[in-house]
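So the structure is just underneath, and the comments pick up after that.
None of the figures in this text is laboratory data; all of them are computed from the coordinates on show. Just so it is clear, the structure is predicted and the values come from calculations on it, not from any experiment. Using ideal geometry, Cβ is built from the backbone for each residue, glycine included, and neighbour counts are taken over all protein chains shown.
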């Protein structure tokens, strides 16, 4: 039996020595927005949006199909500088960074 409860919080502070993501493309902040969008801020201060709606309702959705449920989508959290959801789902922070740096938004299609 687990001696403590598991939560969705970022647990990097529990590792000895602490893990401090330092790459500029690591996500520092994620906010869930309406209509399957995210606002993200990276360690270097770059900010932008991720639009997942078209992807989530496409035939290519694959393992991300559970995120069609708005309640599930709002469970986005940060783990080691990456946007994640329960069930081992995550977005590649480096690809997200490159698209946002180029055009201000990452549209997953």
- [ ] Measure off 7 Å from each Cα along the Cα-to-Cβ vector at residue 103 and residue 88, then give the distance between these two points in nanometres to one decimal.
- [x] 3.1
- [ ] Just need the relative contact order of the range 12-107 here, percent rounded to a whole number, with Cα pairs under 8 Å and 6+ apart.
- [x] 28
Open item on the list: Could you work out how much longer the chain between residue 58 and residue 74 gets when fully extended? Use 0.36 nm per residue separation minus the Cα distance between them, nm to one decimal.
Closed with: 3.8 nm
Task: Translational D in µm²/s for the range 12-107 (Stokes-Einstein at 25 °C, 0.890 mPa s, Kirkwood Rh from C-alpha pairs) - done: 178
